[in-house]
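Take a look at the structure set out below.
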Amino acid sequence: MNQFQYTRVTTPKAAVSAISTGNGSYFLAGGTNLIDLMKREVVVPERLIDINKLPLATIEKTATGLRIGAMAKNSAVAESELVKKYVPLLTMALNAGASAQLRNMATVGGNMMQRTRCAYFYDTAMPCNKRSPVQAGADKGQTNGPVGCGAIGGINRMHAIFGASTKCIAVHPSDMCIALAALDATVNVSGPKGDRTIPFGDFHRLPGDTPQKDNTLLPGELIMSVDIPTNKFADHSHYLKVRDRASYAFALVSVGVAVDMKRDTIQDIRLAMGGVAHKPWRLIEAEQFLRGKSATEANFKQAAMLAMNGAKGYGENDFKLTLAPNSIIDALKTATKTA
Ligand code: SF4
């Protein structure tokens, strides 16, 4: 691991000010992904800004829903009675992610910022456009291993079936973010140019020609909190994660479902998938189809078919073209069961 400077800050203002003073600076929160990246020299920071002392770990009820501080630990959010009561989908997604030890360290903001687990990205001897972007002005702090995408035509069992590009077919690794995307959360950030709010669906991005950029944060911006609007989904939520082993594995495919039911009719619904795209993947067409429909297997199959429009396999991950619609149907069945 390369030498780096270390600075600890205690206020968001100081954090933003510190990160803005030089390229190659990274915020350090739980460190559950960043430290791994540093050990492998995938990321080589010149300076770490430790934000663990920032007073941003509150979970509170607001007039419009719930606000979760960016430094709240994943385990604290999963165990929060407010979260269990108002947004159980988030509890389920968090408990499906990582291990208990990692959830005790990882923060909400850090979870959103974690990088793909594409094996080529982590091996500096292998070609990877995300790790070694060729565009002018590429981020400092990234090593220059070979350019290209090893996963296209290579080992790509875990990779995307939606929204990929010729530069990158990696997937976003978080479970928590699938729930937050489904629940129409918003992200509050603070930066050198002031504060702003980003719809969760716009926070992560597709790879396009710039796969090195995972999200739409501007330089120096700090995630402050996440807002989840009030909803009527608490009685009918389900997070289905299909993975190679029962715990501590990333999703092959996951489905977050939140439904507002009146008897057998779907009044409103949110659907998002993980393990299938470079960002949490909302199933808007399927949602639109299901609104006002009965909760029947035939309707679920139709919705799953609509959700798969545009899906494309890359060889080893072709099985997801079948696994994904089956998982959607299965998750819908479970979420719409009446208590
Ligand atoms: Fe790199 Fe993306 Fe290709 Fe993986 S899929 S090797 S992260 S460019």
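The values are calculated or read from the model by the stated rules, or taken from the named source; none is laboratory data. From a predicted model like this one, the values you see are computed outputs, not experimental measurements. Ideal geometry is used to build each Cβ from the backbone, glycine not excepted, and the neighbour counts take in all protein chains shown.
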Some residue of the stretch 269-285 being part of a helix (DSSP H, G or I) and either at pLDDT 95 or above or not assigned by TED's automatic domain parsing to the domain that holds Leu89 (or both): yes
The stretch 124-153 - residue that is charged (D, E, K, R) and surrounded by 13 or more Cβ atoms within 10 Å (Cβ to Cβ) and, of those, modelled with the lowest pLDDT: Asp139
Among the candidates Ser99, Ser80, residue that is farther than 27 Å from Gly220 by Cβ, of a type in the set (Ser, Thr, Tyr) and within 18 Å of the chain's Cα centre (by Cα): Ser99
Unmet requirement for Val171, which otherwise passes all of (1) β-branched (Val, Ile, Thr); (2) surrounded by fewer than 24 Cβ atoms within 10 Å (Cβ to Cβ); (3) assigned to a loop (DSSP other than H, G, I, E, B): (2)
In the stretch 1-28, residue nearest to Leu222 (Cα to Cα) [restricted to those that are in contact with a helix residue (DSSP H, G or I) (Cβ under 6 Å, 6 or more places away or on another chain) and in a loop (DSSP other than H, G, I, E, B)]: Val9
Criterion violated by His278 - all others in (1) within 19 Å of the chain's Cα centre (by Cα); (2) on the phi > 0 side of the Ramachandran plot satisfied: (2)
